[in-house]
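**Q** This is the structure I have questions about; it appears just below.
The values are calculated or read from the model by the stated rules, or taken from the named source; none is laboratory data. Predicted model only: the values in this text are computed from it and were never measured. Cβ coordinates were reconstructed from backbone atoms using ideal geometry, including for glycine residues, and neighbour counts include every protein chain displayed.
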Amino acid sequence: MVRSFVLRSLVAGLCLVAAGTVSADDRVSASKKGSLLMFSKVEIKLQSVDGGGFAVTQDTFVDMSNDYPTDVEVQLYFVNGDAPAPAVFVGDPPVQIERAHPGWNWADCQITLTANQPTYLSILSGLPAGCQPFTVLDPGNPPGRPDPEVRGGRILRGFVYAWAVDNNGEEIRHNHLAGDAILVNYARATAAEYSAYAFAACPGDTCAHGAAPDGTPGRLLLNGVEYDMGFDKLLMDYYATGSFALSGDGRVVIVDTDLTLHAITADLRQDTTGPVTTKAKFDVWNQNEIRLSGMEKCITCWDQTLGSRYTDPNYFLRANLQTDKGKARIDGIESSVVCPLTVEPGTFSGPASLLGITIKQLTFLNGQTVAGFAASALNMVGQGEEAGVILYDIISRPDELNNGTTGAGVGSAGSVKSGRSGR
């Protein structure tokens, strides 16, 4: 089933605990198991070939495992991270040279993980796990939209959420899910792997294994009570683009950083309130401990951008950072200045807990010739706590299972407010 977001802002977060009562053990982690997994970056790439047509140059493989001796149902949502794009016309009379593209839309599927089962799926095909291919989010011949970084390329990208549910599709505690994603680039003969972010249900063992967290079905509160909380700020350590710090043995190594950011909050209902919009505010320090400010980027739903392509002031560039290494704290905050044009008139961005993946891209030169390429992915760490919420539709059960009613329903989502604490 495929559904689309509409362009209305969803305020992130819902905190039912007082600041300071949530411990680091009740916070998202990329090094533990959980009931909810977030795969922050999946990507398919194609490239035009001589004679016409396109060849697949990159796929992403999502791995999941069930570390428990009983079966569990897992609900997955594939989300297109890019914004809707209109058709492109040139000439007079106008001739269409590129079709319109859907954006911020999603498709879901449900799979069963048997006792102690590992499995995987190709984002390109959805197999062997049996989900739909990611290309249903922007179908066509070829699928996806023009790749902004590769001439003649096509790209389709976004993220995947997965969580444990019962036979009725309602969320349950099953803190035995783990996962990772591997981006395999066939054209460059490289790969990069990162771990899924995991949120435990009922932190502190407040409910039994297999039980529903205390809340409304169809509403996952990432608040330290129902599920772990997100981070208040992300921490990023990086080599500046334009630095030669990694060069050696007579070889020049060019560095760039592929940065992916997204809010943990998502409204995946048919009657969605739309994707989250927030301003990512970067506080940057260079190797001399000099703080640099003013760098920011508007994030709606999801964003993947090379560090070299950020707008000024761009402290990913060595010329602006003034040292080879930099550190950044990234905070999703409200803004009526940076982000108002990305949402409907009269609405603005709000605060949001962010997650992110960095991929170091290294290009090896032998004189003026490219001699090799390497990529290394890393989960970003964070500080403090900030809440979020995931909303989704429960599949209606047959009437006889509902005592003659027409469906189980999810109830009202209610108001969504922000809760933050720093530590």
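**Q** Just for the range 334-372: of the residues that are out of contact with any Phe, Trp or Tyr (no Cβ under 6 Å at 6 or more places or on another chain), at pLDDT below 95 and in a strand (DSSP E or B), which one is nearest to LYS279 (Cα to Cα)?
**A** Top of the filtered list is PHE364.
**Q** Right, something else. Tell me whether the range 288-299 contains one or more residues that are in contact with a helix residue (DSSP H, G or I) (Cβ under 8 Å, 6 or more places away or on another chain) and closer than 23 Å to SER247 by Cα. Give the derivation first.
**A** First pass over the range 288-299, keeping only residues in contact with a helix residue (DSSP H, G or I) (Cβ under 8 Å, 6 or more places away or on another chain): 292, 298.
Next cut, closer than 23 Å to SER247 by Cα only: none.
Scanning the range 288-299 turns up no residue that is in contact with a helix residue (DSSP H, G or I) (Cβ under 8 Å, 6 or more places away or on another chain) and closer than 23 Å to SER247 by Cα.
**Q** Take the residues in the range 270-299 that are part of a loop (DSSP other than H, G, I, E, B) and in contact (Cβ under 8 Å) with a residue 40 or more places away in the chain; name whichever of them is surrounded by the fewest Cβ atoms within 10 Å (Cβ to Cβ).
**A** Within the range 270-299, the first condition is being part of a loop (DSSP other than H, G, I, E, B), and the residues that meet it are 270-276, 287-290.
Now drop any that are not in contact (Cβ under 8 Å) with a residue 40 or more places away in the chain, which leaves 270, 272-276.
On the way: GLN270: 9, THR272: 21, THR273: 16, GLY274: 19, PRO275: 27, VAL276: 30.
Checking each candidate, the answer is GLN270.
**Q** For the structure I just gave you, tell me whether ASP71 is among the charged types (D, E, K, R), more than 23 Å from PHE54 (Cβ to Cβ) and surrounded by fewer than 18 Cβ atoms within 10 Å (Cβ to Cβ).
**A** Values: among the charged types (D, E, K, R): yes; more than 23 Å from PHE54 (Cβ to Cβ): yes; surrounded by fewer than 18 Cβ atoms within 10 Å (Cβ to Cβ): yes.
Considered against the rule, which asks whether it is among the charged types (D, E, K, R), more than 23 Å from PHE54 (Cβ to Cβ) and surrounded by fewer than 18 Cβ atoms within 10 Å (Cβ to Cβ), ASP71 comes out as yes.
**Q** Those residues that are crowded, with 17+ Cβ neighbours inside 10 Å, part of a strand (DSSP E or B) and among the aliphatic types (A, V, I, L, M), I need them from the range 300-330; list them, please.
**A** LEU317, ALA328, ILE330
To keep it simple, each residue is scored yes or no on (1) under 18 Å from the mean Cα position of the chain (by Cα); (2) over 21 Å from ALA191 (Cα atoms); (3) in contact (Cβ under 8 Å) with a residue 12 or more places away in the chain; (4) not in a strand (DSSP E or B).
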{"site": "VAL42", "(1), (2), (3), (4)": "yes, no, yes, no"}
{"site": "LEU46", "(1), (2), (3), (4)": "no, no, yes, no"}
{"site": "GLY52", "(1), (2), (3), (4)": "no, yes, no, yes"}
{"site": "VAL62", "(1), (2), (3), (4)": "yes, no, yes, no"}
{"site": "PRO69", "(1), (2), (3), (4)": "no, yes, yes, yes"}
{"site": "GLU73", "(1), (2), (3), (4)": "no, yes, yes, no"}
{"site": "VAL79", "(1), (2), (3), (4)": "yes, yes, yes, no"}
{"site": "ASP108", "(1), (2), (3), (4)": "yes, yes, yes, no"}
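**Q** Let me ask another. Considering the range 314-336 alone, what residues qualify as being in contact with a strand residue (DSSP E or B) (Cβ under 6 Å, 6 or more places away or on another chain), more than 16 Å from LYS360 (Cβ to Cβ) and of a type in the set (Gly, Ala, Ser)?
**A** GLY332, SER335
**Q** Taking into account only those residues within the range 246-269 that are of a type in the set (D, E, K, R) and either part of a strand (DSSP E or B) or in contact (Cβ under 8 Å) with a residue 24 or more places away in the chain (or both), which is surrounded by the most Cβ atoms within 10 Å (Cβ to Cβ)?
**A** First pass over the range 246-269, keeping only residues of a type in the set (D, E, K, R): 249, 251, 256, 258, 267, 269.
From the residues that got through so far, the ones that are either part of a strand (DSSP E or B) or in contact (Cβ under 8 Å) with a residue 24 or more places away in the chain (or both) too are 251, 256, 258, 267, 269.
Numbers: ARG251: 13, ASP256: 20, ASP258: 22, ASP267: 20, ARG269: 17.
Here the residue is ASP258.
**Q** Looking at ALA115, is it at pLDDT 95 or above, out of contact with any Gly (no Cβ under 6 Å at 6 or more places or on another chain) and part of a loop (DSSP other than H, G, I, E, B)? Walk me through it before giving the result.
**A** Working: at pLDDT 95 or above: yes; out of contact with any Gly (no Cβ under 6 Å at 6 or more places or on another chain): yes; part of a loop (DSSP other than H, G, I, E, B): yes.
Yes.
Yes/no matrix, rows are residues, columns are (1) more than 13 Å from VAL160 (Cβ to Cβ); (2) among the basic types (Lys, Arg); (3) surrounded by fewer than 20 Cβ atoms within 10 Å (Cβ to Cβ):
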| position | (1), (2), (3) |
| --- | --- |
| VAL88 | yes, no, yes |
| GLY91 | yes, no, yes |
| GLN96 | yes, no, yes |
| ARG99 | yes, yes, yes |
| TRP104 | yes, no, no |
| ILE111 | no, no, yes |
| GLN117 | yes, no, yes |
| ILE123 | no, no, no |
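**Q** All but one of (1) assigned to a loop (DSSP other than H, G, I, E, B); (2) in contact (Cβ under 8 Å) with a residue 24 or more places away in the chain hold for ASP92; which doesn't?
**A** Every listed condition holds for ASP92 apart from (2).
**Q** Here's something else I'd like to know. Please determine, by comparing only the residues of the range 300-311 that are touching a residue at least 24 places away in the same chain (Cβ under 8 Å) and among the polar types (S, T, N, Q), which one is farthest from ALA83 (Cα to Cα).
**A** SER308
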